[in-house]
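Asks: Sending over a structure as structure tokens; questions will come in a sec.
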Amino acid sequence: MTTMKKLTFPDDFWWGSAWSAEQAEGKGETGKAETIWDRWFKEQPYRFYQRIDSSITTDHIHQYKEDIELMKKTGHNSFRVSISWARMFPNGGTGKVNPKAISFYRKLFSEMNNNGIKVFANLYHFDMPATLQDKGGWESREVVDAYVHYAETCFKEFGDLVCHWFTFNEPLGPILGTYREDFHYPNLIDFKRGAQAAFFTILAHAKAIQVFKELALPSKIGVILNLSPTFPRSQNPADVKAAEIADLFYTRSFLDPMVKGNFSKKLILLLQEYNQLPEDYTKEDLVCIYENTAQILGLNYYEPRRVKSRSSMVDTSSPFLPEWFFEPHIMPGRRMNEYRGWEIYEKGIYDLCMDIKNHYGNIEAFISENGMGVADEERFMDDTGQIIDDYRIEYIKDHLAYLWKAINEGCNIKGYHLWTFIDCWSWINAYKNRYGLVSLDLTTQKRTIKKSGEFYKQLSDTNGFRYDVDLLVE
């Protein structure tokens, strides 16, 4: 027996999706500086799936009007874009602002607003101008200053058109990829340098918010973090401690200073013990971080983090890594998205929201990314050319059901944005996995709404869906 119930979301709930400039716009004719992704592809094209770069992608820069029509047809009342730093400042991220870029973004944002779609504008989504990386990237105060100037320019040029601003998307990603896991240019393995880059990223976030507040814009500003609730293998004290340390590195490291204005004391002591703290910081930096925190929080949730105590000794002559203190736990029976290699655990979205409610002042927040990447989706195409992606509809419903539960238990969650709108280029994975509500033919650039896109329109129109609430485990 099932207990079907209409799960209704709050009035004015934000239904939408998200993508980034580098993954969707294409180069266009506006002028654009070389990004680190352009350079990396030039130096090591074999690192990119099927040797596909970001030069064309979804060609949004030419097709934005058609794309906004598709947003309406798929139920969007809001959409997160990112602004390209390299397009705004084509002379390497500094110098004179590009009037062609300003024109493009003003037309894009105006068209969205005219169609009832709120603009959520993100300032940085992994796309460092290459010449600024040459100056040290996020390890450099000069780059922090250049970012703040870029942010201020965007606030002034587009502040009348943007509903909400975000300083960074997943700032932990470039730190992990560059300094720990070798998936982000320039591929350095050095935790201490990464800690310095992380500190300056947090400082850049605070300085941008400081400027934003001085301009007294009517919108809000925050940050988008990729967060996963951390679960120990067992309640054995060794496993619990391992999970706590993993959580310090992967959750509290950015969440605490960007939302609370303070760094975790436990994390500071741990890094101090192993001589991994950043060295270039001042009292004034810490005051700035404390006084300029996020007003709104985006939560990117894809999978839980499961860890256990280490079963082997660490080679301390190897580079320092968080995994010196724990190792991943492969939970027996876990449900997987085999294409992406991620566990599917719907309740994790509830656990994450409750953590924000209980430990971060119940800050205004929304799910800024959640989604399912699937390879070879053409297998599920019907005779009309539509992708029948029932698996994605099920994925969305299952996660939204737990989000509904969190909201009904007092979490201050204002919306849900799927990753992504139209199948887009995905960094070194190119188009290996497709995430969109709308499919993309790479040869013709033809867009076709998937079955999930039709479902999303109905979801938005009715502000909810029917679901078997007996499936919501405690």
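The values are calculated or read from the model by the stated rules, or taken from the named source; none is laboratory data. Predicted model only: the values in this text are computed from it and were never measured. Cβ sites come from the backbone with ideal geometry, for glycine too, and all protein chains shown count toward neighbours. To get the accessible areas, we keep the full protein, side chains included, count just its heavy atoms, and leave off ligands, DNA and RNA. Shrake-Rupley method; radii C 1.70, N 1.55, O 1.52, S 1.80 Å.
Asks: Where the second residue is part of a helix (DSSP H, G or I) and the first is within 14 Å of residue 83 (Cβ to Cβ) and lies in the stretch 133-153, which pairs have Cβ atoms under 6 Å and are six or more apart or on separate chains?
Replies: 147/204; 150/85; 151/208; 152/211
Asks: Restricting attention to the stretch 193-239, report how many residues are open to solvent by 50 Å² or more (accessible area, probe 1.4 Å) and free of Cβ contacts under 8 Å to residues at least 60 places away in the same chain.
Replies: 6
Asks: Mind counting the residues in the stretch 412-453 that are of a type in the set (Asp, Glu), in contact (Cβ under 8 Å) with a residue 60 or more places away in the chain and surrounded by fewer than 18 Cβ atoms within 10 Å (Cβ to Cβ)?
Replies: 0
Asks: Further, regarding this structure: Please go through the stretch 48-91 and pick out each residue that is acidic (Asp, Glu) and either in contact with a strand residue (DSSP E or B) (Cβ under 9 Å, 6 or more places away or on another chain) or surrounded by 20 or more Cβ atoms within 10 Å (Cβ to Cβ) (or both).
Replies: Selection gives 66, 67.
Asks: Residue 303 - would you say it is open to solvent by 60 Å² or more (accessible area, probe 1.4 Å), among the acidic types (Asp, Glu) and closer than 25 Å to residue 169 by Cα?
Replies: It is false that residue 303 is open to solvent by 60 Å² or more (accessible area, probe 1.4 Å), among the acidic types (Asp, Glu) and closer than 25 Å to residue 169 by Cα.
Asks: Among the residues of the stretch 257-285, write down those that are open to solvent by 70 Å² or more (accessible area, probe 1.4 Å) and either aromatic (Phe, Trp, Tyr) or within 25 Å of the chain's Cα centre (by Cα) (or both).
Replies: Within the stretch 257-285, 260, 262, 274, 281 qualify.
Asks: Turning to a different aspect of this structure: Please verify whether the stretch 443-450 includes one or more residues that are more than 20 Å from residue 2 (Cβ to Cβ), of a type in the set (A, V, I, L, M, F, W, C) and modelled with pLDDT of 95 or more.
Replies: Yes, the stretch 443-450 has at least one match.
Asks: Same structure, new question: Residues that are of a type in the set (Phe, Trp, Tyr): find the helices (runs of 4 or more DSSP H) completely inside the stretch 171-270 holding 2 or more of those.
Replies: 191-215
Yes/no per residue for (1) within 23 Å of the chain's Cα centre (by Cα); (2) farther than 23 Å from residue 167 by Cβ; (3) not in a helix (DSSP H, G or I):
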| residue | (1), (2), (3) |
| --- | --- |
| 12 | yes, yes, yes |
| 16 | yes, no, yes |
| 53 | yes, yes, yes |
| 86 | yes, no, no |
| 105 | yes, no, no |
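Asks: Being open to solvent by 60 Å² or more (accessible area, probe 1.4 Å) and not aromatic (Phe, Trp, Tyr) is the filter; apply it to the stretch 288-300 and report the residue that is farthest from residue 216 (Cα to Cα).
Replies: Among those that are open to solvent by 60 Å² or more (accessible area, probe 1.4 Å) and not aromatic (Phe, Trp, Tyr), it is 291.
Asks: Filter the stretch 325-349 down to the residues that are buried (at least 17 other Cβ atoms within 10 Å of the Cβ) and not in a strand (DSSP E or B) and list them by number.
Replies: Once the filter is applied, which keeps residues that are buried (at least 17 other Cβ atoms within 10 Å of the Cβ) and not in a strand (DSSP E or B), the stretch 325-349 yields 325, 326, 329, 340, 344, 345, 346, 347, 348, 349.
Asks: Can I ask one more? Which ones in the stretch 350-391 are out of contact with any Leu (no Cβ under 8 Å at 6 or more places or on another chain) and assigned to a loop (DSSP other than H, G, I, E, B)?
Replies: Scanning the stretch 350-391 gives 361, 362, 372, 373, 376, 382, 383, 384, 385, 386, 388, 389.
Asks: Just to be sure before I move on: is residue 397 open to solvent by 40 Å² or more (accessible area, probe 1.4 Å), closer than 17 Å to residue 17 by Cβ and part of a helix (DSSP H, G or I) in the structure I sent?
Replies: In short, yes.
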